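These notes are about the structure you will find just below.
The values are calculated or read from the model by the stated rules, or taken from the named source; none is laboratory data. All figures in this text were calculated on a predicted structure; none of them were measured in a lab. For neighbour counting, all protein chains shown are included, and Cβ atoms are generated from backbone atoms with ideal geometry for every residue, glycine included. We work out accessible area using only protein heavy atoms, side chains counted, and drop any ligands, DNA or RNA first. Shrake-Rupley method; radii C 1.70, N 1.55, O 1.52, S 1.80 Å.
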Amino acid sequence: MSQPVEDLDEVLKNHKLSKAEYEDILRILDGRHPNLVEIGIFSAMWSEHCSYKSSTKYLRGFPTEAPWVIQGPGENAGVIDIGDGMAAVFKMESHNHPSFIEPFQGAATGVGGILRDIFTMGARPVANLNALRFGTVKGDSDVAKYQRHLVRGVVDGIGSYGNCMGVPTIGGEVSFDESYNGNILVNAFSLGLVKSDEIFLGVASGLGNPVMYVGSKTGRDGLGGAVMSSDSFTEESKSLRPTVQVGDPFTEKLLLEACLELFKTDLIVGIQDMGAAGLTSSAFEMAGKTGAGMIMHLDKVPAREEGMTPYDFMLSESQERMLICAKQGSEQAIIDIFEKWGLDVAVIGEVTDTARMELLWHGEKCADMPIAPVSEEAPVLDRPVSRPKYLDEVNAKTVDSYEAVDNQKAYETLLSNIEVSDKAWVYNQYDSMVQTNTTKGPGSLDASCIRIKENGKALSISSDCNPRMCYIDPRKGAALAVVESGRNVAMSGARPLSITDCLNFGNPENPEVMWQFAECCEGIKEACLALNTPVVSGNVSLYNETNGVSVFPTPAIAMVGLNEDENKVLPSVFQEEGSQILLIGETQSEFGGSLYVKALYGETSGSLPSFDYKAELALWELVIEANKKGLLKSAKDVNAGGLAIALSKMAAVSNKGIVASVDLAHDKDIFDETQSRALLEVSSENLTAVVHMSVALGLHVTNIGSVGGDKVQVNDVGLPLDTVKDIYFNTFARTIEQDL
């Protein structure tokens, strides 16, 4: 076996391993000093990206069970029962660091990776979403120009990969704040469908069972990617471009079809995507789950480049690859399937009963390690936490701390804010209709929906997070991300069932960041318990900072819900002239973390009130049940920009005017962001029934106006409908394309 490394301090520094962690490695190896391959393996498996060593302490209390949960966290993706022997498989992942360094490939391979997480479970991917956060894009500064470049590159990468795969991108969110100037966030979500009894897991077991490699050849791209994603950015980070993987969606499409063909057979025990840390993580995780051992002959791994070493093979993050634990005697049948699809395939090892990972290179052992400690005994850190000092200042401010602004000016400022603007420039680059199951696609407001052909039901999905609210109150802000994503799903007539999360935070070595993380986790736990929407999968992305400046705490939440009838997906825009508009819920003059304060005064400030989950659940129940009875024409929640902006969006997308009058305590309350409110469009003949249902559920209900006309008027503010449409539909494209 190769010799221990020289210049140990430098090697440990390059691999982001501490002296304490090295002492732990010596203990695990019974006092033997590791060689470079083994150090690389420990570095990858114990990286923040793979081991969650800073976050595990806080994730342990997440609610993960419900009668409809088939598979919770711990596998490639979560799985929920959607009836009739069908299951939905879904997960959200981050590809933040790679996308900042190389926006096209970083975003593209983020999509590729999350798709493999889904079809590795045996499911065919049927819907993608993405949650994107960028910095300042307005103006002529170098920062704004570079952020616009990043927007264009990321969107191109997402569209290129998803479109080539034939998986529709049906929705998502795009938001902007200067806190992301040095570190954008690119979170990718995918959902697939599978028969409940045909789910595959990432396990390796059975003495003598062959271990097989399938997919693309291995190159040096992505070397050290998991370790790179576990560190902060500096001005030199552009030099990390070699750590960003290069994707090939056409190969992945072949891999998808070959795997789905394989899953129809009885040839394999388990299968695992080679994601972060590549062959290392897939092999150690598969064997670690069962307590098995494994021998792998690295010289048998298909190589794309000359002169590759065992270290390269174990740490490469080349895309479009899988590791399979096959049943003995099935090797040739599996080879035939993958060769038919034009993919590389090789038997590279076998399962043993030693509980050790033995790696060979041309017959000589180059690594020999116990599997369980490497995969399960990564350090669980108890990092210092400290309440951020900025909170005292930002929480002390209220909306009344600022000079008053004329309501009409405020309305026009908010309407033209790119947080509000339609993102057609983005979603028109995505194929949202491929597979022909999209019933509520991008741009249609609130949740996105697909029909399930196999059982006549529909799934609703919404990704949400308000980083401004998480900044001023991480616990309540994170809880409200769960609430908002659930409310969006309910507005489509579906019952929210489960979430996946992508927890994006700054440097965990900063006690204030760890406090934010801990508080956000508590908020997610609280909301998921109260709303009965368990966490079934997720991802943690830390070290999202550049030169010591961390991003806002951004716990992105994607909620999945089920509508029992695909023909009863509820729109979120006006449907008919003359319909009545009901405002459900009370307006309480809440401006903490609001778009109003940010857009008009350039600050993120205020505080968040305590939250009433019972009122939220009552609102969901009203919309879901009224929709089942056919009493509603459309429904939309009230969020960023308040009532005036919600009504303006509905009007713009439907091309129907609205005149609304609301009795409020303060004129500016048409822009407030009180929770648990919704706008329901109801025909006159159903008005009484919906009002009675609302009152019976303890909800405040007000008839605020009717649909129709050629203007948008909300109390004392308004514009011609055509002007509203022009601002809403064209502002974003004008901003992003101003350099072109």
The condition of being of a type in the set (Gly, Ala, Ser), modelled with pLDDT of 95 or more, on the phi < 0 side of the Ramachandran plot and open to solvent by 40 Å² or more (accessible area, probe 1.4 Å) holds, among 448, 386, 421, only for 386
Quick count over the stretch 667-685, residues being open to solvent by 40 Å² or more (accessible area, probe 1.4 Å) and among the β-branched types (Val, Ile, Thr), is 0
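For residue 664, indicate whether it is aliphatic (A, V, I, L, M) and either on the phi > 0 side of the Ramachandran plot or open to solvent by less than 10 Å² (accessible area, probe 1.4 Å) (or both). First the steps, then the outcome.
On the way: aliphatic (A, V, I, L, M): yes; either on the phi > 0 side of the Ramachandran plot or open to solvent by less than 10 Å² (accessible area, probe 1.4 Å) (or both): no.
The answer is no for residue 664.
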For the stretch 599-658: of the residues being of a type in the set (Phe, Trp, Tyr) and either in contact with a Pro (Cβ under 6 Å, 6 or more places away or on another chain) or open to solvent by 50 Å² or more (accessible area, probe 1.4 Å) (or both), which is farthest from residue 723 (Cα to Cα)? 611
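May I ask you to say which residue of 429, 408 is open to solvent by 20 Å² or more (accessible area, probe 1.4 Å) and more than 21 Å from the chain's Cα centre (by Cα)? Show your work before the answer.
Numbers: 429 fails: more than 21 Å from the chain's Cα centre (by Cα).
Only one candidate qualifies: 408.
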Among residues belonging to the stretch 17-52 that are among the charged types (D, E, K, R) and at pLDDT 90 or above, point out the one that is surrounded by the most Cβ atoms within 10 Å (Cβ to Cβ). 38
Total residues in the stretch 1-42, condition under 35 Å from the mean Cα position of the chain (by Cα), more than 23 Å from residue 313 (Cβ to Cβ), free of Cβ contacts under 8 Å to residues at least 60 places away in the same chain and part of a helix (DSSP H, G or I): 3
Is it fair to say residue 137 is in contact with a strand residue (DSSP E or B) (Cβ under 9 Å, 6 or more places away or on another chain), closer than 30 Å to residue 269 by Cβ, open to solvent by less than 10 Å² (accessible area, probe 1.4 Å) and not in a helix (DSSP H, G or I)? no
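Among residues belonging to the stretch 122-134 that are within 28 Å of residue 265 (Cβ to Cβ) and not small (Gly, Ala, Ser), point out the one that is surrounded by the most Cβ atoms within 10 Å (Cβ to Cβ).
Going through the stretch 122-134, the residues within 28 Å of residue 265 (Cβ to Cβ) turn out to be 122-128.
In the following step, the residues that additionally are not small (Gly, Ala, Ser) were identified as 124-126, 128.
On the way: 124: 17, 125: 25, 126: 24, 128: 28.
Once the filter is applied, the top-ranked residue is 128.
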Go through 723, 735, 688 for me and flag whichever is part of a helix (DSSP H, G or I), crowded, with 17+ Cβ neighbours inside 10 Å and polar (S, T, N, Q). 735
Condition set closer than 15 Å to residue 486 by Cα and charged (D, E, K, R), scope the stretch 510-557, selection nearest to the chain's Cα centre (by Cα): answer is 525
Determine whether the stretch 480-503 contains at least one residue that is over 28 Å from residue 421 (Cβ atoms), small (Gly, Ala, Ser) and over 16 Å from the mean Cα position of the chain (by Cα). no
Filtering the stretch 151-177 down to residues that are among the charged types (D, E, K, R) and open to solvent by 20 Å² or more (accessible area, probe 1.4 Å) yields 152, 156, 173
Can you pull out every residue in the stretch 429-476 that is of a type in the set (Phe, Trp, Tyr) and in a loop (DSSP other than H, G, I, E, B)? 430
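The rows are residues; the columns are (1) part of a strand (DSSP E or B); (2) at pLDDT 95 or above; (3) of a type in the set (D, E, K, R).
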position	(1), (2), (3)
221	no, no, yes
227	no, no, no
236	no, no, yes
240	no, no, no
258	no, yes, no
281	no, no, no
305	no, no, yes
312	no, no, yes
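Mind checking which residues of the stretch 338-364 are in a helix (DSSP H, G or I) and open to solvent by less than 30 Å² (accessible area, probe 1.4 Å)? Don't jump to the end; show me each part of the working.
Going residue by residue through the stretch 338-364, those that are in a helix (DSSP H, G or I) are 338-340.
Hit for the stretch 338-364 is 338, nothing else.
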Here is a list of conditions, (1) open to solvent by 10 Å² or more (accessible area, probe 1.4 Å); (2) assigned to a loop (DSSP other than H, G, I, E, B); (3) within 30 Å of residue 291 (Cα to Cα), and residue 202 meets all of them except one; can you say which number that is? (1)
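Kindly indicate whether residue 367 is open to solvent by 20 Å² or more (accessible area, probe 1.4 Å) and either more than 29 Å from residue 188 (Cβ to Cβ) or within 34 Å of the chain's Cα centre (by Cα) (or both). Break it down into steps so the answer makes sense when it comes.
On the way: open to solvent by 20 Å² or more (accessible area, probe 1.4 Å): no; either more than 29 Å from residue 188 (Cβ to Cβ) or within 34 Å of the chain's Cα centre (by Cα) (or both): yes.
For residue 367, the condition - open to solvent by 20 Å² or more (accessible area, probe 1.4 Å) and either more than 29 Å from residue 188 (Cβ to Cβ) or within 34 Å of the chain's Cα centre (by Cα) (or both) - is not met.
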Please specify each residue of the stretch 59-101 satisfying the condition of being at pLDDT 95 or above, closer than 24 Å to residue 526 by Cβ, surrounded by fewer than 23 Cβ atoms within 10 Å (Cβ to Cβ) and touching a Lys or Arg at 6+ places or on another chain (Cβ under 9 Å). 62, 63
